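Participant: Handing you this structure, nothing more for now.
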Amino acid sequence: MDVNDECCHWNRVSNYWAFLGPPLKPGPEDIEVMLSAAARHRASVDGHAYRVVLWGVTPEIAAMAWPGGTELLAIDHAEKMIESVWPGDKPGFRRAVCGKWSETARISGGSCDLIIGDGSLGCVRYPTEFCELTRAAKESLRKGGLLILRLHAGPEIKEEPAAVVEDLLNLQIDNFHIFKFRFAMALQESPEEGVELHEIWKKWTTLDIDERELAAKTGWDLRVIRTIELYRDREDRYAFPSLNQHLGIFRDHFSLLDIHVPDYEMGSRRPIVILSRGS
């Protein structure tokens, strides 16, 4: 993809961002769980600023009511993503930089209290880059530091794409974002292979579904349905290991403190894990 195509993609991201919603983006329940865990942990950390690293620039997390003394550093590999959705730097509180999550320790200076991310592991290769990032998190955190991640967890038993489409047409799916994720997970043959974003878009176009008719039938905003255009021409891949496969990798570097499964539809596939770095 050339520079002009890349710029067009991030322009589309900026235009569509307001129409993205849960479970693609964190909702109020997710934010409450993350903030509560961070506040409890902050109360146990004395004598220094509360240093937080955000993997990505998720504005809903950046704008949380962070506890006093928080210094938030967001890291994203795409400068255009920062320009598109970051809510803005605030001196003494939060800032965003372009960089790789695997270099968190170097970029942040190490000794972080908390690393947090929304779907961060869903866009890296399983299991190699999963392992690389969990090691990077451990190297970046103080002893007792937290890693809080909302996962893209695939089902233990794979769905067939046709079954997901049938639920869509029978109005058995609450919103289009849920459909997109279920459809993507159904298209994945294995988490090691993942699924290319352009392939998701291409399969959608072969369904020959009239988007205007779908909007009228479901009551969904047509602009929300058209957010699937963000996948067109994208070579990035999503990976959807099961929750147990995620936990198997975390176990090598972290202790599991809690798993929160949201109450909303497909919440079991967007669990929040709270992990602690040991010695």
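Participant: Under 16 Å Cα to Cα from K100, which aspartates and glutamates show up? Leave out anything in the same chain fewer than 8 places away.
Facilitator: D76, E79, D118, E129, E132, E139, D236
Participant: Moving on to the next point. Reported to two decimal places, what Rg/Rh ratio describes the stretch 201-279 when computed on Cα atoms with Rh from the Kirkwood expression?
Facilitator: With Rh from the inverse mean 1/r over Cα pairs, Rg/Rh is 1.14.
Participant: Let me ask something additional. Report the label-to-label distance for L35 and L207 in nanometres (one decimal), using points 7 Å from each Cα along the Cα→Cβ vector.
Facilitator: 3.4
Participant: Beta carbons within 10 angstrom, averaged per residue: use that to sort the peptides 133-146, 85-98, highest first.
Facilitator: Packing proxy ranking, top to bottom: 133-146, 85-98.
Participant: While we're here: Which parts of the stretch 76-90 would a label at A63 reach, counting a residue when its backbone N lies under 18 Å from a point 7 Å out along Cα-to-Cβ?
Facilitator: 81-90
Participant: I've got another one for you. Using 0.36 nm per residue of separation minus the Cα-Cα distance, give me the extension gain between S44 and S268 in nm, one decimal.
Facilitator: Here the segment from S44 to S268 would lengthen by 77.7 nm.
Participant: Follow-up question, since we're still on this one. Sketch the reach of a paramagnetic label on E159 as a point 7 Å from Cα along Cα-to-Cβ, and name the residues of the stretch 191-209 whose backbone nitrogen lies under 15 Å away.
Facilitator: The answer is 204, whose backbone nitrogens lie closer than 15 Å to the label point.
Participant: Moving on. If packing is taken as the mean number of other Cβ atoms within 10 Å per residue, what is the order of 57-68, 160-171, highest first?
Facilitator: Descending packing order for the listed peptides: 57-68, 160-171.
Participant: Additional query: Using only the alpha carbons of the chain, what is the convex hull's orientation-averaged projected area in square nanometres?
Facilitator: 14.3
Participant: Which residue, G248, T206, V165, has the largest displacement toward the positive end of the dipole of the stretch 159-279 when charges sit on each Cβ (Lys, Arg +1; Asp, Glu -1)?
Facilitator: With unit charges placed on the Cβ atoms, the residue in question is G248.
Participant: So with the 1.4 Å probe, I'd like the accessible area per residue for the stretch 60-164, rounded to whole Å².
Facilitator: So the stretch 60-164 comes to 43 Å² accessible per residue, rounded to a whole number.
Participant: Going Cα to Cα from K158, which lysines come in below 19 Å? Please leave out same-chain ones fewer than 8 positions away.
Facilitator: K180, K203
Participant: Provide the per-residue ³J(HN,Hα) series for the stretch 86-92, in order, calculated from phi with Karplus coefficients 6.51, -1.76, 1.60 and θ = phi - 60°, each as a whole number of Hz, with x at glycine and proline positions.
Facilitator: 5, x, x, 5, 9, x, x
Participant: If we count every other residue with Cβ under 10 angstrom of L151's Cβ, Lys/Arg +1 and Asp/Glu -1, where does the sum land?
Facilitator: Counting the neighbours of L151, the net charge comes to +2.
Participant: Okay, moving on. Rounded to the nearest percent, how much of the accessible area of the chain (1.4 Å probe, protein heavy atoms only) is carbon and sulfur?
Facilitator: Within the chain, the accessible surface is 48 percent carbon and sulfur.
Participant: Something else: More than 13 Å apart: what percent of Cα pairs in the stretch 32-84 qualify?
Facilitator: Working: 830 of 1378 pairs.
It works out to 60 percent of all Cα pairs.
The values are calculated or read from the model by the stated rules, or taken from the named source; none is laboratory data. Bear in mind the structure is a predicted one, so any value in this text is a computation, not a measurement. We place every Cβ from the backbone using ideal geometry, glycine too, and count neighbours over all the protein chains shown. Note: accessible area is taken over every heavy atom of the protein model, side chains too, but ligands, DNA and RNA are not part of it. Shrake-Rupley method; radii C 1.70, N 1.55, O 1.52, S 1.80 Å.
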